[in-house]
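What follows is a set of notes on a single structure, which appears directly below.
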Amino acid sequence: MTRTMFALSLLAAGLAPGARAATYPGNQGQSWADIAKLPPINGIYEAPSPRPGAPKDGQRDLLPVFTPAAASQQAAYQARKVEDTDAANCVPPGMPRIMSWPYPIQVLVTPGEVTLVLEGDMQVRHIHTDGRDHPADPDLTFNGDSIGHWEGDTLVVDTVGLAPQAALAQGVTHSKAEHIVERFRLSDPDLLEVKTRIEDPGVLAKPWEFTARYARHPDWSIAEYICEQNNRNSVGDNGRAGINLTFGKQP
């Protein structure tokens, strides 16, 4: 992107050239030359283990601490023994759960935007780094509205505007006040560390903080994921997921 094209894109977004530099001093990756000087986070990464919210022994700090009302909501959900109906109905989990879905994630850094291509459910997260702010009344989406900026070697991502279906955890619906901040940095040449802080006073008794690490795999590629193509799951009247073993014949 040329300097003239970038200036026009800023004006189209209602931003004056240099607005980002005035807010966040330093290299913000607004040109290919700038990006070449940023930490090389481009690549395909493996999903983290353990997954936040489902820790193994000795890692209880990965669990959120809910308000009494939210804890009661989750307990009622678990008592019904309802399966994960998102997967059964080919509905993406949304943020923040999509970041721990057990599928690879590709990071692409381009002028004014960082794009995350998530193999699971073929989801895409657009992180705008062109200096814009969140819309005053954002459309509510599964992955929310994300804006980012660089603080030295760390990409800071701020996300709001999440749809009600993007559950904070299985059985727990977030409130309108949910606010997610992620900090992406390379802790090693091929290890991407993402520190996440989620604030939602309507649901969380305290901010939920956890760190996930993603290993880079230079020889991997993102595969096509079409949930509906071989979806054998169904959901009964009781809310439980089932499996339909009837397959169609190949033409």
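The values are calculated or read from the model by the stated rules, or taken from the named source; none is laboratory data. Everything numeric here is computed off the predicted structure, so don't read it as measured data. Note that we place each Cβ from the backbone using ideal geometry, even for glycine, and neighbour counts take in every protein chain shown.
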When you scan the range 188-239 for strands (runs of 3 or more DSSP E) that lie fully inside it, which ones turn up with 1 or more residues that are at pLDDT 90 or above and in contact with a strand residue (DSSP E or B) (Cβ under 6 Å, 6 or more places away or on another chain)? 191-199, 208-215
Within the range 162-189, the count of residues that are surrounded by 14 or more Cβ atoms within 10 Å (Cβ to Cβ) and not hydrophobic (A, V, I, L, M, F, W, C) comes to 11
Filtering the range 44-85 down to residues that are of a type in the set (A, V, I, L, M, F, W, C), modelled with pLDDT under 85 and assigned to a helix (DSSP H, G or I), which residue is surrounded by the most Cβ atoms within 10 Å (Cβ to Cβ)? Leu62
Inside the range 140-196, the number of residues satisfying the requirement of being touching a residue at least 24 places away in the same chain (Cβ under 8 Å) and either within 17 Å of Val65 (Cα to Cα) or in contact with a helix residue (DSSP H, G or I) (Cβ under 6 Å, 6 or more places away or on another chain) (or both) is 13
Hits in the range 96-114 - residues which are part of a strand (DSSP E or B) and over 25 Å from Pro164 (Cβ atoms): Gln106, Val107, Leu108, Val109, Thr110, Glu113, Val114
